[in-house]
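*Asks:* Could you have a look at this structure, given as structure tokens, before my questions?
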Amino acid sequence: MSVAFTREEDYESQAADLPDRPVSAHPNLVTASGLAAIEAELAQARTAYGAAQQQGGVSADRTAMARATRDLRYWSARRATAQLTEPATEVDKVQFGRTVDLEREDGRRQTFRIVGEDEAQPGQGSVSYVSPIARALLGKTVGEVALVNGAEVEVLAVR
């Protein structure tokens, strides 16, 4: 057996031994759309796992199986711990699941929806409830000011 062939097997073995995706220690709060997204990811992970099992065999790509197994474990855990959380009836108070319009000290206006960790996409206007900006804003009402990264932001509206 050549050294090159042995090394290739070692690399494949290491790649197939992927570490688990980190799971947050925070409660897994989710909105209804976040729960639906987790269920879609779980279904996709199950499909990928099934496909990887069917392609099993000595010559199969072990990395694909490892990735599918890792993703299936992650999304199964996230679904099992998901806590569907609806905002309270107070519409003027910043809370999980609500959208908040704010103005920064420099005059910039921004809008964010406060959501669960897996559904947060800051570039699309949603932030995790454990993010610094969400933690600073939670519980505030229209007109109140919060300190975010050393700068003040004012709550303009809550929807």
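The values are calculated or read from the model by the stated rules, or taken from the named source; none is laboratory data. These numbers were taken from a predicted model, which means no experiment stands behind them. Glycine also receives a Cβ, built like all others from the backbone with ideal geometry; neighbour counts cover every protein chain displayed. Areas reflect the complete protein model, heavy atoms only, side chains present, ligands, DNA and RNA absent. Shrake-Rupley method; radii C 1.70, N 1.55, O 1.52, S 1.80 Å.
*Asks:* Could we say that Gly150 is more than 14 Å from the chain's Cα centre (by Cα), open to solvent by 40 Å² or more (accessible area, probe 1.4 Å) and free of Cβ contacts under 8 Å to residues at least 24 places away in the same chain here?
*Replies:* yes
*Asks:* Can you find a residue that is within 18 Å of Thr31 (Cβ to Cβ) and open to solvent by less than 20 Å² (accessible area, probe 1.4 Å) anywhere in the stretch 80-89?
*Replies:* So far as the stretch 80-89 goes, no, none of its residues is within 18 Å of Thr31 (Cβ to Cβ) and open to solvent by less than 20 Å² (accessible area, probe 1.4 Å).
*Asks:* Please work out if Glu86 is without any contact (Cβ under 8 Å) to a residue 60 or more places away in the chain, acidic (Asp, Glu) and closer than 30 Å to Ala45 by Cα.
*Replies:* yes
*Asks:* Here are the criteria: (1) more than 30 Å from Val145 (Cβ to Cβ); (2) at pLDDT 95 or above; (3) open to solvent by less than 80 Å² (accessible area, probe 1.4 Å); (4) of a type in the set (S, T, N, Q). Tell me which single one Gln44 does not satisfy.
*Replies:* Condition not satisfied by Gln44: (3).
*Asks:* Could you grab me the full set of residues in the stretch 114-147 that are part of a strand (DSSP E or B), open to solvent by 30 Å² or more (accessible area, probe 1.4 Å) and in contact with a helix residue (DSSP H, G or I) (Cβ under 9 Å, 6 or more places away or on another chain)?
*Replies:* If the condition is that a residue be part of a strand (DSSP E or B), open to solvent by 30 Å² or more (accessible area, probe 1.4 Å) and in contact with a helix residue (DSSP H, G or I) (Cβ under 9 Å, 6 or more places away or on another chain), then Leu147 is the only one that fits.
*Asks:* Here's another thing I want to ask about it. Select from the stretch 17-38 the residues that are at pLDDT 95 or above, more than 10 Å from the chain's Cα centre (by Cα), surrounded by 13 or more Cβ atoms within 10 Å (Cβ to Cβ) and part of a loop (DSSP other than H, G, I, E, B) and list them in ascending order.
*Replies:* Hits for the stretch 17-38 are Pro27, Thr31.
*Asks:* Additional query: Go through (1) crowded, with 19+ Cβ neighbours inside 10 Å; (2) at pLDDT below 95 and name the single condition Glu105 misses.
*Replies:* Tallying (1) crowded, with 19+ Cβ neighbours inside 10 Å; (2) at pLDDT below 95, Glu105 fails exactly one: (1).
*Asks:* State all residues of the stretch 27-83 that are of a type in the set (S, T, N, Q), touching a strand residue (DSSP E or B) at 6+ places or on another chain (Cβ under 7 Å) and in contact (Cβ under 8 Å) with a residue 60 or more places away in the chain; if no residue qualifies, say none.
*Replies:* Asn28, Thr31
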